[in-house]
1. Out of the residues in segment 11-42 that are over 21 Å from the mean Cα position of the chain (by Cα) and in a loop (DSSP other than H, G, I, E, B), which is modelled with the highest pLDDT?
2. From 110, 80, which residue is over 30 Å from residue 32 (Cα atoms), at pLDDT below 80, among the hydroxyl-bearing types (Ser, Thr, Tyr) and over 24 Å from the mean Cα position of the chain (by Cα)?
3. Suppose the filter is surrounded by 10 or more Cβ atoms within 10 Å (Cβ to Cβ) and either within 17 Å of residue 31 (Cβ to Cβ) or at pLDDT 85 or above (or both); does residue 57 pass it?
4. What is the one condition in (1) within 25 Å of residue 20 (Cβ to Cβ); (2) at pLDDT below 85; (3) within 20 Å of the chain's Cα centre (by Cα) that residue 49 does not satisfy?
Amino acid sequence: MKPTPTHLANTVPDALKPTPKQLRYLRILAERTGTSFAYPATIDEASIEITRLTKLTASSRADRTRERRDVQRDLQTRPTDATAVRARDVRGYGSSARWAHRPTDNQEPTS
């Protein structure tokens, strides 16, 4: 496929992309501080995120472990989770499984 002007406008030259070292450091800092970060598109954005994360106080390993366990337990034990797929939501099995209803089934008819 030949690149069109719109494809070229949406790409960042390799020289401006964040380095693997920067991305690795961002993941380490995010883990240490218990936060997330916006994936940078350029070296400058990566530097800004690194600076922001280095200013944050690192959480203790025990805090991170406790929080991770709490989140995992909550995800496993929430029976009323609105995003859970229930048996009544699906028809069929395996590769032939389909949604039991379509999003348009709940809409009011337009006059």
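The values are calculated or read from the model by the stated rules, or taken from the named source; none is laboratory data. Everything numeric here is computed off the predicted structure, so don't read it as measured data. Counting neighbours? That spans all protein chains shown, and the Cβs are built from the backbone with ideal geometry, glycine included.
1. Among those that are over 21 Å from the mean Cα position of the chain (by Cα) and in a loop (DSSP other than H, G, I, E, B), it is 13.
2. Answer to the check: 110.
3. On the way: surrounded by 10 or more Cβ atoms within 10 Å (Cβ to Cβ): no; either within 17 Å of residue 31 (Cβ to Cβ) or at pLDDT 85 or above (or both): yes.
So residue 57 fails the test.
4. If we test residue 49 against (1) within 25 Å of residue 20 (Cβ to Cβ); (2) at pLDDT below 85; (3) within 20 Å of the chain's Cα centre (by Cα), just (2) comes out false.
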